[in-house]
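Structure, as structure tokens:
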Amino acid sequence: MSLDDQSLDTRALQDLIEESQDSHSDAMRAAREPLADLVETGRDRRAAGGFDPEETQRFAHERRRLMRTSLVAGGALAAYGFGERLLRLLGTPAFADQALDVQMLQTSASIENLAVATYETALALPFIGGEGTNATIKAFVTKTKDQHAEHARAFNDAVTKLGGSAQSQADPVLLGIVNTAKPTLTDAGKVVDLALTLETGATQTYQNNVAALSDPGAKAVTASIMGVEAQHAAILLAVRELVKVNQVDLVNLDPGNVDRLPDIAGKAGFPDSFQKTDQARPAAEGALQ
Amino acid sequence: MKKKRSSARHSEVMAISEAELVGLTSDLDEMHHATLPAMHDAAGRWADELRTAAGGLGRVSTSRRRFLLGGGAALGALGLVACTDDDVPVGGNPTPTDPPGTYRPSTGDFAVAAQAAGLENLAVSTYQQALDAAAAGRFGAVPPAVATFAATAKTQHADHAAAWNSVLTNGSRRPVNDVDQALKSGVVDPGFAQVTDVAGLARFALGLENMAAASYLDNIAKIENAYALKLAASIQPVEMQHAAILNFVLGQDPVPDTFAKTGS
């Protein structure tokens, strides 16, 4: 139905439209001033080489590029005979964002799956899970294994909520590292080193992913796990120092123990002011193919 | 024609559409309202814990309700007053050396940065206070691991504060160099006054670290700028590590929670 079909005073309507536009313009001016600051700041930042509002756009572009590259390299498109139209679809922000979120979450689940399996392996070692071993270390390994299992479930829940398939396998690259290390696990120190590799890789991967995930729920679950893995790493770092100085008996939860702890135990658990990302795993490393 | 001219002018002034502008305005408002309760809640919960532990700390007006009701002053020192429309400079009180009109109000992610800097400054100040008291013999003999922890954590919190202030100054926002006097006088000082031994000091520091970690986790969900988000994500795990070591020192489960908590 056009306006001409209605019994309206078109002149009055035009006046209302103009009035509405004026109100809108006033409102926009009020909002524009602080926002103009943001835009100007962004320009300043670009000039200074710092962060800028376009960074997010570039990142989104990089996410889409990664998505296309991964699928083409994997032969998925050719295998299914998909054409250029689908490639264009895959390149759209909504599709690529969700697909890459799923890949990152699957990778996270794969790291957790491997951590569970590795701690299970550790518990089977006589000097970790056997009789007469350090009860605090055994309890820590047991609880940490259980926490990783909870993390895997949480990541897979997030995957399925985004329409992906749960990842039940281990990260293939880290699995290789674990398999190589297994025959060398002859004392607690070596187990701690291997566990540190996994915990550090996990927390740094999640740190990267927190900044890259587009789905708020996926970001929230990843962020809530990231710091817990960092805590695992902190305790492992402290334990490693005590093992190094042959004071593994100090790894206990007796409050009176603190007087005997060497000073290194007070700082070994957090060596850096800012968590690094040099050991982060690639976003799609553990994704389902 | 009128609308077309208006749109053209907008394009010259800002490289964003009106729809984006409306969205940004809404986001800023939501950010303002969403950030404050979490910070209040984290601080309030810590105050509750301190009061419970001290058995009567509420006498010195640190009840959660009073703290929350009196949160305006606390927010000022945390830099959150800059979220208001009254053009108050962000980051605590202006100093005589600040040229007038140099800084812009901190809103959105800058408000989060100001909040984080204020919280980190409080941590630095508190650890320094603890180190001074320890040196004066107030806690008796301080184990080497505890002394090293306090000194190292203080340095790292100072690094965090400097990083957030770098974000602020690079964005022409006022750096936050002050501590939150309301939080300090309402929560930290009364809590610290109850500390008489090393274990009490460790518990006190644990509350501070847990509050910081919870605040960062909450902010990670709200920050939009990629740089600020990466910075927060690089700091939150470190605060969690501080807490883990304090739990270990206290003889408690070092990783008590399977999932990190926000302030709620």
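The values are calculated or read from the model by the stated rules, or taken from the named source; none is laboratory data. The structure presented is a predicted model; accordingly, all values stated were derived computationally and were not measured. Every residue, glycine as well, gets a Cβ built from its backbone with ideal geometry; the counts of neighbours run over all protein chains shown. Calculation scope for accessible area: heavy atoms of the full protein, side chains included, ligands and nucleic acids excluded. Shrake-Rupley method; radii C 1.70, N 1.55, O 1.52, S 1.80 Å.
When segment B:207-228 is filtered for residues that are among the hydroxyl-bearing types (Ser, Thr, Tyr) and over 10 Å from the mean Cα position of the chain (by Cα), only B:Tyr227 remains. Going by the structure shown, is B:Asp197 touching a residue at least 12 places away in the same chain (Cβ under 8 Å) and over 30 Å from B:Ala228 (Cβ atoms)? Yes; evaluated as a whole, the condition is true for this residue. On inspection, A:Ala265 qualifies as touching a helix residue (DSSP H, G or I) at 6+ places or on another chain (Cβ under 8 Å) and within 7 Å of chain B (Cβ to nearest Cβ).
Each residue in segment B:166-202 was checked for being surrounded by fewer than 21 Cβ atoms within 10 Å (Cβ to Cβ) and in contact with a strand residue (DSSP E or B) (Cβ under 7 Å, 6 or more places away or on another chain), and 1 pass. Among the residues of segment A:115-132, the ones that are over 21 Å from A:Ala230 (Cα atoms), among the acidic types (Asp, Glu) and not in a loop (DSSP other than H, G, I, E, B) come to 0 in all. The listed residues are A:Lys143, A:Lys190, and the only one of them that is of a type in the set (Lys, Arg), assigned to a helix (DSSP H, G or I) and closer than 27 Å to A:Lys219 by Cα turns out to be A:Lys143. Here is the figure for segment B:227-248: residues that are open to solvent by 10 Å² or more (accessible area, probe 1.4 Å), at the interface with chain A (Cβ under 7 Å from one of its Cβ atoms) and in contact (Cβ under 8 Å) with a residue 12 or more places away in the chain total 2. Say we look at segment B:211-222 and pick out the residues that are over 15 Å from B:Gln156 (Cα atoms) and in contact with a Lys or Arg (Cβ under 9 Å, 6 or more places away or on another chain); which of these is farthest from the other protein chains (Cβ to nearest Cβ)? Ranking the candidates gives B:Met211 first. Could you tell me which residue of segment A:173-189 is farthest from the chain's Cα centre (by Cα), considering only residues that are open to solvent by 30 Å² or more (accessible area, probe 1.4 Å) and touching a residue at least 60 places away in the same chain (Cβ under 8 Å)? Among those residues, the one meeting the criterion is A:Asp187. The lone criterion from (1) within 7 Å of another protein chain (Cβ to nearest Cβ); (2) free of Cβ contacts under 8 Å to residues at least 60 places away in the same chain left unmet by A:Gln207 is number (2). Considering segment A:247-280, and only residues there that are open to solvent by 50 Å² or more (accessible area, probe 1.4 Å) and in contact (Cβ under 8 Å) with a residue 60 or more places away in the chain, the residue that is farthest from A:Asp101 (Cα to Cα) turns out to be A:Asp249.
If you go through segment A:116-141 and pick out every residue that is closer than 18 Å to A:Arg240 by Cα and open to solvent by less than 50 Å² (accessible area, probe 1.4 Å), you end up with 13. When B:Val146 is tested against (1) buried (at least 17 other Cβ atoms within 10 Å of the Cβ); (2) within 22 Å of the chain's Cα centre (by Cα); (3) in a helix (DSSP H, G or I), exactly one condition is not met: (2). Only a single item in (1) open to solvent by 10 Å² or more (accessible area, probe 1.4 Å); (2) in a loop (DSSP other than H, G, I, E, B); (3) not basic (Lys, Arg) is not met by B:Asp218, and it is number (2). Among the residues of segment A:231-246, just one is open to solvent by 60 Å² or more (accessible area, probe 1.4 Å) and within 28 Å of B:Ala123 (Cβ to Cβ), namely A:Arg240. Of all residues in segment A:151-172, those that are open to solvent by 70 Å² or more (accessible area, probe 1.4 Å) and assigned to a helix (DSSP H, G or I) total 5. Within segment B:127-143, restricting attention to residues that are within 11 Å of chain A (Cβ to nearest Cβ) and open to solvent by 20 Å² or more (accessible area, probe 1.4 Å), which residue is farthest from A:Pro262 (Cα to Cα)? My answer is B:Gly140. Taking the criterion of being within 7 Å of chain B (Cβ to nearest Cβ) and either over 19 Å from B:Ala243 (Cβ atoms) or open to solvent by less than 10 Å² (accessible area, probe 1.4 Å) (or both), the residues of segment A:217-230 that qualify are A:Lys219, A:Ala220, A:Ala223, A:Ile225, A:Met226, A:Gly227, A:Val228, A:Ala230. For segment A:240-277, enumerate the residues that are hydrophobic (A, V, I, L, M, F, W, C) and closer than 30 Å to B:Ala163 by Cα. A:Ile264, A:Ala265, A:Ala268, A:Phe270, A:Phe274, listed by residue number. Just to be sure, is B:Asp253 among the charged types (D, E, K, R), within 8 Å of chain A (Cβ to nearest Cβ) and assigned to a helix (DSSP H, G or I)? So B:Asp253 fails the test.
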